[in-house]
Amino acid sequence: MNKNLAITSLLGLTAIILGAFATHSLREVLSIEEMNSLETGIRYQLYHVLVLLFVNSYAEFSERFKNRVSIFFFLGIALFSGSIYAIYLLGIPAKSIWFVTPFGGLMLILGWLLMTVFFIKKVINNKK
């Protein structure tokens, strides 16, 4: 769990740094549409950092479950947000990595799906 929290903290740190960098250094360089896309990547990273803090602190999740959900979210952040960063910060053509962003989104969806199933099962078991 500490490894997950260390990675999560690093992801939070990088999101804040990227947000500050984008706001202060790229406003003059990127178009409004490009800034909006970059901000989406940063925002999704921050949202999932908060969820990862919850996942890895929630006592009712087993260590195995925490690791499984964390892996989906780590991959999702790396692929979804990372591909957006690659396009707008590194200048990699979107045409060459077009498939990465939706695959990252799928990883994020699967992480949420795992948690949804967990909590639905919990509701059903509590009604019995």
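Miscellaneous remarks
- Expressed per residue, the C-alpha convex hull volume of the chain stands at 105 Å³.
- The loop-placed trypsin sites (Lys or Arg not before Pro) in the range 2-53, going by DSSP, that have at most 15 neighbouring Cβ atoms within 10 Å of their Cβ come out as Arg27.
- The chymotrypsin sites (Phe, Trp or Tyr not before Pro) of the range 1-87 meeting both criteria, a DSSP state outside H, G, I, E and B (loop) and at most 15 other C-beta atoms within 10 angstrom of the site's C-beta, are Tyr58.
- Within the accessible area of the range 1-119 (1.4 Å probe), percent carbon and sulfur: 71 percent
- Normalised per residue, the accessible area of the chain is 61 Å², obtained with a 1.4 Å probe and no contribution from ligands, DNA or RNA.
- Separation in nanometres of the label points that stand 7 Å from Cα toward Cβ, at Leu53 and Trp112: 2.0 nm
- Considering only the Cα atoms of the range 87-128, their convex hull presents on average a projected area of 3.5 nm².
- Sites count as exposed loop sites when they are GluC sites (Glu not before Pro), lie in a DSSP loop, and have at most 15 other Cβ atoms within 10 angstrom; the longest stretch of the chain without one is 61-128.
- Kyte-Doolittle mean at least 1.0 and Cα axial length at least 20 Å: DSSP H helices in the chain: 2-21, 100-127
- Number of Lys pairs (Cα under 30 Å; 8 or more positions apart or on different chains) in the chain: 7
The values are calculated or read from the model by the stated rules, or taken from the named source; none is laboratory data. This structure is a prediction, so every number in the text was calculated from the model and none was measured. Please note: Cβ atoms are built from the backbone with ideal geometry, for glycine as well, and neighbour counts cover all protein chains shown. For accessibility, only protein heavy atoms count, side chains too; no ligands or nucleic acids. Shrake-Rupley method; radii C 1.70, N 1.55, O 1.52, S 1.80 Å.
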